[in-house]
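The values are calculated or read from the model by the stated rules, or taken from the named source; none is laboratory data. Owing to the predicted nature of the structure, the values given are computational and were not obtained by experimental measurement. We place every Cβ from the backbone using ideal geometry, glycine too, and count neighbours over all the protein chains shown. These area figures cover heavy atoms from the full protein model, side chains too; ligands, DNA and RNA do not enter into them. Shrake-Rupley method; radii C 1.70, N 1.55, O 1.52, S 1.80 Å.
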Amino acid sequence: SKLAALFEHPLYNIPVPEVTEKDKLFVVNPMEKFSLRSSGSDEWVSSSKAEALLPTGKTAYDTYPTWLKFHIGINRYELYPRRDPLLPTLLRDLATQRIVSSVQKSGGTQLKLIMTFPNYGQALFKPMKQTRDQETPIDFFYFSDFERHNAEIAAFHLDRILDFRRIPPVSGRLVNITKEIRDITTDKKLAKTFFISPAGNVCFYGECSYYCSTEHALCGKPDRLEGSMAALLPDKTLAKRRSWRSPWRRSYHKSKKAEWELNPNYCAQVRETPPYDRGHRLLDLIDMAILDFLMGNMDRHHYETFEKFGNDTFLLHLDNGRGFGTHSRDEPSILAPLQQCCSIKKSTYLRLQLLATQPYRLSDVLREALAADPLAPVLAEPHLQALDRRLGKVLLAVGHCLAR
């Protein structure tokens, strides 16, 4: 396994700083237990009154559902640890746990659903909108592109392979539109949009600002539909997040250019603007630009951080559905933060160099990681090949900076 060998490499074993209580997103009462609501039920209930005795050698933490352990593990430095024993279980839960509720997520330009499991865990479901081998038409603007379910899955694994670990876990899943959405939804607006197509397939389109109409309906075969299931982050009432506008945000106008596209010295003014004037925030933003360039994602207008940690923490790489839309061409403008600032974390650079070598080739390790997903193959082969080409261009850009 190239993937296992990669994660054994010394560059993937650089220790994170010691995590103190103030570095944890949540400080939990170690005596708080979760117990089964009734015998034979798969519903969990938080209970301080649960039986005082736990099975020998078990702690209260052992009674928590996996999604809760994931939330408790988030700290200032990472969303989840490198060798996270929870990850396989969490991905399996996303792919297989019974869905007890499906409602449309408010906001956003395209249809997404929030799905709830019996143990109160929740996932964000993005349905399949196009096949693996369909490329984004060359005349499409980036802001009118479809969001792709398989891009969300591939982005999670790519982010982990780059050792960023800033995207919440995502699994593919085949959903039954009838039993797992239509029959159990309490969302009246969503319920009104179901219909049977002339081909006899179950379809729905929901309510949103783009692509929510009968012409853009999502249809099953006859009621089976692929989608991505992303583990939800803790509720914002429990863990506030701050949204930051990216300095390299695109203009989102069909003819106007953004300032960074016109001013070659743009980075100099970014470096003088908080929070980019100190700490590692700018370097984290460059990490994100590299991730976006590798998957061809032009739609990174904002990013988020956990408010509790202030400016000294990682960036959350959320909403990656517009990645992996094209494999036949690259978008050099995505790399503007790297090219204009000529800065990169040493650890990121060394890992990129490693992923360009034959034993750890990026396309090979990502292909291997995606092979375990329920919807494999997740990416068409040309997209994997494009990763190696783009990685070469990132290293070339760093080379130009070093030469300068």
Where residues in the stretch 42-97 are assigned to a helix (DSSP H, G or I) and acidic (Asp, Glu), which of them is modelled with the lowest pLDDT? 62
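In this structure, does residue 235 turn out to be under 18 Å from the mean Cα position of the chain (by Cα), open to solvent by 70 Å² or more (accessible area, probe 1.4 Å), modelled with pLDDT under 95 and not hydroxyl-bearing (Ser, Thr, Tyr)? Before the answer, list the steps.
On the way: under 18 Å from the mean Cα position of the chain (by Cα): yes; open to solvent by 70 Å² or more (accessible area, probe 1.4 Å): yes; modelled with pLDDT under 95: yes; not hydroxyl-bearing (Ser, Thr, Tyr): yes.
When the stated conditions are applied, residue 235 passes them.
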Which of the residues belonging to the stretch 200-212 are farther than 14 Å from residue 225 by Cβ and at pLDDT 95 or above? 200
Leading residue by the ranking (surrounded by the most Cβ atoms within 10 Å (Cβ to Cβ)) among those in the stretch 260-285 that are under 28 Å from the mean Cα position of the chain (by Cα) and within 13 Å of residue 333 (Cα to Cα): 260
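Mind checking which helices (runs of 4 or more DSSP H) fall wholly inside the stretch 345-404 and carry at least 2 residues that are open to solvent by 30 Å² or more (accessible area, probe 1.4 Å) and basic (Lys, Arg)? Steps first, please.
Values: elements: 346-355, 362-370, 381-403.
Of the helices (runs of 4 or more DSSP H) lying wholly inside the stretch 345-404, those with at least 2 residues that are open to solvent by 30 Å² or more (accessible area, probe 1.4 Å) and basic (Lys, Arg) span 381-403.
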Residues in the stretch 303-322 that are under 17 Å from residue 235 (Cβ atoms) and acidic (Asp, Glu) total 2
If residue 312 meets every condition in (1) assigned to a loop (DSSP other than H, G, I, E, B); (2) open to solvent by less than 10 Å² (accessible area, probe 1.4 Å); (3) modelled with pLDDT of 95 or more apart from one, which number is that one? (2)
Condition broken by residue 120, with the remaining ones in (1) more than 21 Å from residue 222 (Cβ to Cβ); (2) under 20 Å from the mean Cα position of the chain (by Cα) satisfied: (2)
Residues of the stretch 85-116 satisfying the condition of being closer than 25 Å to residue 309 by Cβ and open to solvent by less than 20 Å² (accessible area, probe 1.4 Å): 87, 90
Looking only at the stretch 313-333, which residues are of a type in the set (A, V, I, L, M, F, W, C) and more than 30 Å from residue 279 (Cα to Cα)? 324
Check residue 339 against each of (1) open to solvent by less than 40 Å² (accessible area, probe 1.4 Å); (2) touching a residue at least 60 places away in the same chain (Cβ under 8 Å); (3) more than 30 Å from residue 171 (Cα to Cα) and name the one condition it does not meet. (1)
Quick test of your reading of the structure: residue 203 fulfils all but one of (1) free of Cβ contacts under 8 Å to residues at least 40 places away in the same chain; (2) in a loop (DSSP other than H, G, I, E, B); (3) in contact with a strand residue (DSSP E or B) (Cβ under 7 Å, 6 or more places away or on another chain). Name the failing condition by number. (2)
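Scan the stretch 286-305 and tell me whether some residue there is open to solvent by 30 Å² or more (accessible area, probe 1.4 Å) and in a helix (DSSP H, G or I).
In the first step, residues of the stretch 286-305 are kept if they are open to solvent by 30 Å² or more (accessible area, probe 1.4 Å); the result is 298, 301-302, 304.
Filter again for in a helix (DSSP H, G or I), leaving none.
No, the stretch 286-305 contains no residue that is open to solvent by 30 Å² or more (accessible area, probe 1.4 Å) and in a helix (DSSP H, G or I).
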Criterion violated by residue 170 - all others in (1) at pLDDT 95 or above; (2) exposed (fewer than 15 other Cβ atoms within 10 Å of the Cβ) satisfied: (2)
Residue 246 vs. criteria among the hydroxyl-bearing types (Ser, Thr, Tyr) and open to solvent by less than 40 Å² (accessible area, probe 1.4 Å): yes
